[in-house]
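Structure, as structure tokens:
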Amino acid sequence: MDDDEQLRVLVAGATGFVGRHLVPALIERGDRVRAMTRRPESYDGPADAVGGDVSDAGSLAEALTDIDVAVYLVHSLAEDDFERKDAEAARGFGLACAATGVRQIVYLGGLGRDDDDLSSHLRSRREVERLLGEAGVPVTTLRAAVVVGAGGISWEITRQLVHNLPAMVVPKWATTLSQPIALDDVVRYLVGVIGTEAAYARTFEVGGPEQLTYIEMMQQASEQMTGHRLPILTAPVLTPELSSYWIATVTDVDVTTGRNLIESMRTEVVVTDDSIRELVPGEPLTYAEAVRRALEQARQGEQQDD
């Protein structure tokens, strides 16, 4: 499209963790943004609200009409049959995009090598990538590990465990390597690929500058929150099922979501291809800085609620 032509972007999942930060960033860039939500009457963000539900393909046509790029930030971890529901939703969304002439779909998926024994969560993310493009619209996928920002489920598990426990016994999966990324960098990368033809039909891996175990992530978070490292011991006998009940007891994350996330934590999720940095230059934030920003975001949110 011409440089002076306004890009028309629909964000599915605009009220979610990443979406509510992406929308204002796109508007600031000068894009015309629609926030798709099941309850447009209650939307109070900066974009134009439009009704639509990815689980109801018939509700998508009007929302996607005259849209150049559709951003898909939807998943259903809190449900036992999330794989089936996410697959049906992705297939319907891809078909609706093709029918309405959308030029690009942008999706935020999960890291992990395809030849690994992926968890049901990561396996579902891969299937969604494929199904979104099944009808022919080019899909740009960003694959990330833990996204560090206020309100993100994986980060909230870390924050609440550190906040609520003076010491911790963790399962063996806590020694698995991950490559966390700051919410600000995820938004920056998303903005960078949205509407960029060089990103069409490509998959990019995104992460911060450090590969850390989950134990190291909790200890660094503890340093930022309390000024000292949390004592942590590993206990191999803690299964994902037991761990999910433990997390549900100590945090406000429900058992089903916790179990689905913990199962994924047994898989190493690190960046093996940094080609995104050729397309979207810039140094990503360190984990410590990402934690500081997440804590500040939470404080600002609490002040607004008062």
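Some notes on this structure:
- Selected residue (criterion: nearest to Leu95 (Cα to Cα)) from residues of segment 30-53 that are loosely packed, with under 15 Cβ neighbours inside 10 Å and of a type in the set (Lys, Arg): Arg38
- Thr15 satisfies every condition listed in (1) in a loop (DSSP other than H, G, I, E, B); (2) surrounded by fewer than 18 Cβ atoms within 10 Å (Cβ to Cβ); (3) in contact with a strand residue (DSSP E or B) (Cβ under 8 Å, 6 or more places away or on another chain) except (2).
- Filter result for the condition that a residue is modelled with pLDDT of 95 or more, hydrophobic (A, V, I, L, M, F, W, C) and farther than 30 Å from Val33 by Cα, over Leu230, Leu212: Leu212
- Here Ala198 clears all of (1) at pLDDT 95 or above; (2) in contact with a Pro (Cβ under 9 Å, 6 or more places away or on another chain); (3) not in a loop (DSSP other than H, G, I, E, B) except the condition numbered (2).
- Among residues of segment 129-143 that are closer than 18 Å to Gly112 by Cα and touching a residue at least 40 places away in the same chain (Cβ under 8 Å), those with a Cβ under 8 angstrom from a residue that is among the aromatic types (Phe, Trp, Tyr) and part of a loop (DSSP other than H, G, I, E, B), sequence gap 6+ or separate chain, pair up as Thr140/Tyr200.
- Residues located in segment 130-183, provided they are among the charged types (D, E, K, R), at pLDDT below 90 and either surrounded by fewer than 17 Cβ atoms within 10 Å (Cβ to Cβ) or assigned to a strand (DSSP E or B) (or both): Lys172
- Elements of the type helices (runs of 4 or more DSSP H) sitting completely within segment 240-306 and holding at least 2 residues that are more than 19 Å from Val162 (Cα to Cα) and at pLDDT 70 or above: these cover 255-264, 276-279, 287-305.
- In segment 61-75, the residues that are buried (at least 23 other Cβ atoms within 10 Å of the Cβ) never reach a residue that is part of a loop (DSSP other than H, G, I, E, B) and aromatic (Phe, Trp, Tyr) with C-beta atoms less than 6 angstrom apart, at least six apart or across chains.
- Test: residue in segment 157-168 that is within 15 Å of the chain's Cα centre (by Cα) and within 29 Å of Ala70 (Cα to Cα): no
- When the test is whether a residue is over 14 Å from Ala70 (Cα atoms) and touching a Lys or Arg at 6+ places or on another chain (Cβ under 9 Å), Arg125 passes it.
- Identity of the residue in segment 101-122, under 26 Å from His21 (Cα atoms) and in a helix (DSSP H, G or I), that ends up modelled with the highest pLDDT: Leu122
The values are calculated or read from the model by the stated rules, or taken from the named source; none is laboratory data. Everything numeric here is computed off the predicted structure, so don't read it as measured data. When we count neighbours, we look across all protein chains shown, and the Cβ atoms used for this are built from the backbone with ideal geometry, even at glycine.
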